[in-house]
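Comments concern the structure below.
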């Protein structure tokens with residue numbers, strides 16, 4: 001194992017709880033001055049950063065926080081599927097319906113995203129840029145339900161999957177980049 | 001102590017006490033994560049509360065393939081990111097930067113707090129993505145695939161962000 005790979009391994013494995021060296025790495029570090037110095041440097045850094053290991057709430061802050069949360073949830077019924085659907089409808093269902101309808105039409109005519117895509121006023125309000133509209137279509141087409149599910153409740157996901165039927169065209173689209181995902185979450189104004 | 005999965009099931013089923021027990025279990029970790037992201041106690045308290053309320057409102061959307069704590073960190077990371085972007089709060093390097101670089105171990109309580117704040121600001125001055133990945137990996141010891149899921153990125157991007165963050169912190173805190 002060469003020094004570069006050892007250093008990469010050390011960098012990837014350092015956490016506040018320490019670095020567990022496998023035998024192979026340990027042997028190299030023991031026999032290589034450069035890597036041993038690098039390892040010591042990392043241990044020193046870990047010790048310094050360990051100064052932030054014990055951040056906690058005070059007892060008062062903790063009690064206050066729980067009290068505030070209890071009060072807030074007592075005053076709001078837990079969102080059941082009907083409530084979620086109602087909220088979902090308010091926030092995003094109308095544009096999704098419009099996009100899905102558009103999608104169904106375009107899927108019959110071409111397997112690719114339409115270049116002459118036209119959007120309804122509702123979609124424009126939520127996704128003002130052309131890129132955003134195309135990204136949203138890609139997200140639906142790609143059926144990236146795992147990511148969506150981390151942002152939306154189950155009834156909303158079911159709603160999307162019922163409307164769009166992912167998998168029909170998922171072989172024609174590339175993955176959405178992290179930046180596009182970030183753009184989507186921000187521009188769709190999701191609450192989480 | 002009840003199992004996390006059992007508490008989560010009960011909370012999803014509408015048991016508010018179970019949800020409160022989950023808050024009690026994770027409040028310190030979520031608070032500490034947000035503190036290290038923002039370097040501001042009041043902000044961290046507010047965002048911790050927002051995180052748990054959002055989790056409660058969206059319990060039905062929690063998919064049990066991931067751990068409940070991972071899901072909470074995802075919400076906390078998004079809340080923090082949105083807050084920082086809205087407030088456009090750019091973290092400047094701490095004024096007592098050099099002091100953190102020295103092999104300095106304060107004994108006095110006041111000095112210890114100042115030292116901790118300087119460290120917090122050094123971590124919080126990392127670019128947002130690097131800061132998030134660094135906090136989740138170094139302090140919360142999440143696996144890179146969990147971090148990638150939280151970030152909506154690839155595992156290799158998470159590793160790269162961690163390595164970059166480490167490099168910057170070495171430069172800032174290592175005194176070399």
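Just so it is clear, none of the values below were taken in a lab; they were calculated from the coordinates. Worth saying up front: this structure is predicted, and the values here are computed from it rather than measured. As a convention, Cβ positions derive from the backbone with ideal geometry for all residues, glycine included, and neighbour counts pool all protein chains shown.
Points worth noting:
- Tensor-based shape of region B:1-64 (alpha-carbon gyration tensor, a/c under 1.5 rounded, otherwise prolate or oblate): prolate
- Overall, the anisotropy analysis places chain B in the prolate class: the square-rooted eigenvalues a ≥ b ≥ c of its C-alpha gyration tensor yield a/c not less than 1.5, with a/b exceeding b/c.
- For region B:116-176, the Cα gyration tensor yields ellipsoid semi-axes of 21, 11, 9 Å (square root of five times each eigenvalue, largest first, whole Å).
- Sequence-separation-based contact order of chain B, relative, with Cα cut under 8 Å and 6+ spacing, percent: 21 percent
- FRET efficiency, residue A:43 to residue B:9 (Cβ-Cβ, R0 35 Å, nearest 0.05): 0.25
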